[in-house]
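First up is the structure itself, then whatever we jot down about it.
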Amino acid sequence: MPAPRGSSAEDVPTVIAEEGPAAHRLWRGGAIPLNTALMSLRTFVIFVVGFVMLPLLVDRIGQKPTGLFLFATTLTGYFTAVELGIATSVTKYVAEFRALGEHERINSMLRGSLLLMIGIGFLVALALTSLALLAGRSLFSEPSVKGQVVATLLVAAASALLYWPSRMGTAMLEGLERYDQRAIVAIISTVLLLAGLWALSFATHSVPVLAGYFGAMMILEGAACAAIAWRRVGVMAKTGSWRGRDLRPVLAFGGGLFVIGLADTAIYSLDNLIVAAFVGAGAVTVYAVVLRPQAAVRMISALTAGALVSTISRLAAEGQRERLRRLALAGSFIGLVITLPWVILVLVLAKPMILAWVGHKFVRYAIYAQIFVVY
């Protein structure tokens, strides 16, 4: 039986004799073991950088400016429903159309999806600009941050304008089943983010400058992924259309994911707006401290599923239902196994962990970290 197109560790090893031992094939670029290992490393790096960045900013610029920074940078990628709906659909259909050899449909789907992402980025930027100009100063009235609110939110708006189209790059690279390369790009950009914030915080305490650098790193990640994936996806001039039937699958599949993403946005992003509006900038920092362990749980639990979207889409297109079923079951089990230890660790050691992480000032909030992790 010929090996199916695409890159997966599950491929039938009919050419092992020509390509070397099976272990070499399992760890080649784009294979599931390598993808999973590097995506795990990416998750670990993001996890560590997120934990290090919070006390760094609190120490350098203060609790309330840190709250404003967290609020603004959350707004840059606020509408997770968009990424879950459209970007995941792009990943799915890049993998599926490539498996079927339908390159014109790939081009049409990518062109239409890019237009959608540009439009969404514009709408998000418009909403954030309105928030900055109409409600920015009343939202954060503390003297230490009031003078920086409008500029910081305008920077978040500018970042969002470019951030959402840039997500096409990460979606395309994942559609090629090159989660390994996508992970390497994310690791580099995340390390650059931490290093840059550390260096900038010596030179300035300006929240707009720090938020601008954060947004630039997020945009750079998507642009780098697009540069890597562009030719391999098969993007060609004068091939495909900017709208039409090839965009419909994205909208149909992404519609359900978009609804799920709206719930995710309401649960995990709207809370920062509520805390800022009713309590203040300092409370946003406290909230980030107690929520960060739970955010790590979410990242870890989603790791396996996220690395299998394009592979499962390709297997479905090729009609390999049994392999698809085994892959989904194994991924679900692995996700459970790697998540539970962290949950237990936070439940048992929440107080000493927060003490070592951000200091005595935040230890009294440890119970809330435990509540979030249980949830």
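Quick notes
- Unique residue being modelled with pLDDT under 70, part of a helix (DSSP H, G or I), open to solvent by 50 Å² or more (accessible area, probe 1.4 Å) and closer than 30 Å to PHE372 by Cβ when the list is LEU192, LEU273, LEU262, LEU257: LEU262
- Residue within the range 82-91 that is free of Cβ contacts under 8 Å to residues at least 24 places away in the same chain and of a type in the set (A, V, I, L, M, F, W, C) present: no
Every residue, every condition in (1) among the small types (Gly, Ala, Ser); (2) loosely packed, with under 15 Cβ neighbours inside 10 Å; (3) out of contact with any Phe, Trp or Tyr (no Cβ under 8 Å at 6 or more places or on another chain), yes or no:
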{"residue": "MET117", "(1), (2), (3)": "no, no, no"}
{"residue": "ALA127", "(1), (2), (3)": "yes, no, yes"}
{"residue": "GLY147", "(1), (2), (3)": "yes, yes, yes"}
{"residue": "LEU154", "(1), (2), (3)": "no, no, yes"}
{"residue": "SER159", "(1), (2), (3)": "yes, no, no"}
{"residue": "LEU162", "(1), (2), (3)": "no, no, yes"}
{"residue": "SER166", "(1), (2), (3)": "yes, no, yes"}
{"residue": "MET172", "(1), (2), (3)": "no, no, no"}
{"residue": "GLY175", "(1), (2), (3)": "yes, no, no"}
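- Verdict on TYR93 being surrounded by fewer than 24 Cβ atoms within 10 Å (Cβ to Cβ), out of contact with any strand residue (DSSP E or B) (no Cβ under 8 Å at 6 or more places or on another chain) and modelled with pLDDT under 85: no
- Among residues of the range 317-375, those that are of a type in the set (Gly, Ala, Ser), surrounded by 14 or more Cβ atoms within 10 Å (Cβ to Cβ) and over 24 Å from the mean Cα position of the chain (by Cα), counted: 3
The values are calculated or read from the model by the stated rules, or taken from the named source; none is laboratory data. As the structure is a prediction and not an experimental result, all values here were calculated from the model. Positions of Cβ are generated from backbone atoms using ideal geometry, with glycine treated the same way; all protein chains shown enter the neighbour counts. Accessible surface areas use protein heavy atoms only, side chains included; no ligands, DNA or RNA. Shrake-Rupley method; radii C 1.70, N 1.55, O 1.52, S 1.80 Å.
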